[in-house]
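K.L.:
After the structure tokens below, expect a handful of questions from me.
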Amino acid sequence: MNVLAWLAQHWLWAVAGLVVFVFGVWTVQEYQRGNTGYDAGIIVGGKARKWTGGITGFFAAASVGLLGALWEASMNLSEFGNLLGEIIASAPQMIGGIVLGGLGALGLEGTVALSGGQLLGLTLIIMGGATIVANRTKRARKREEARQSRGRRSR
């Protein structure tokens with residue numbers, strides 16, 4: 001494959017390579033003039049903004065806006081997870097029963113062959129796990145309340 005055919009297929013790589021090369025040359029020139037890294041970055045950014053007609057500023061603003069939107073969405077998802085965790089921690093036995101009821105409502109007849117004893121064992125495991133979670137969260141909540149009350153007394 002000759003060079004022109006490669007450039008026709010991969011023109012974006014060629015443009016990106018040219019941009020990186022130009023930025024590298026500008027950065028080296030600024031370092032040779034005795035500028036620090038921060039000052040060189042400011043000057044090279046100004047040159048890039050001037051030569052591209054502000055398109056770099058647009059892409060910078062667009063990327064910051066996109067990252068801000070993603071950050072907000074992740075924070076909302078985190079708050080939802082926190083709320084869901086509080087619901088599960090406040091009533092794990094009820095959640096265990098709901099999970100077991102949901103599994104029963106799926107109607108897995110024949111898909112998973114369970115005898116009566118196996119179903120009873122599965123029920124005990126789910127309900128026992130929910131009880132363990134409930135006890136651990138209650139103890140952790142009591143420890144946290146005690147720690148906070150000790151902190152208030154020491155002030």
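The values are calculated or read from the model by the stated rules, or taken from the named source; none is laboratory data. Note that the structure is predicted; figures quoted are calculated from it, not measured. With ideal geometry, Cβ positions are generated from the backbone for all residues, glycine too; neighbour counts draw on all protein chains shown.
K.L.:
In contact with a helix residue (DSSP H, G or I) (Cβ under 7 Å, 6 or more places away or on another chain) and at pLDDT 80 or above, is that true of VAL22? Give the steps one after another, and end with the answer.
P.N.:
Values: in contact with a helix residue (DSSP H, G or I) (Cβ under 7 Å, 6 or more places away or on another chain): no; at pLDDT 80 or above: yes.
Spelling it out, it is not the case that VAL22 is in contact with a helix residue (DSSP H, G or I) (Cβ under 7 Å, 6 or more places away or on another chain) and at pLDDT 80 or above.
K.L.:
I've got another one for you. Taking the stated definitions as given, is ILE126 farther than 30 Å from TRP26 by Cα, in contact with a Leu (Cβ under 6 Å, 6 or more places away or on another chain) and either modelled with pLDDT of 75 or more or not charged (D, E, K, R) (or both)?
P.N.:
Criteria met by ILE126.
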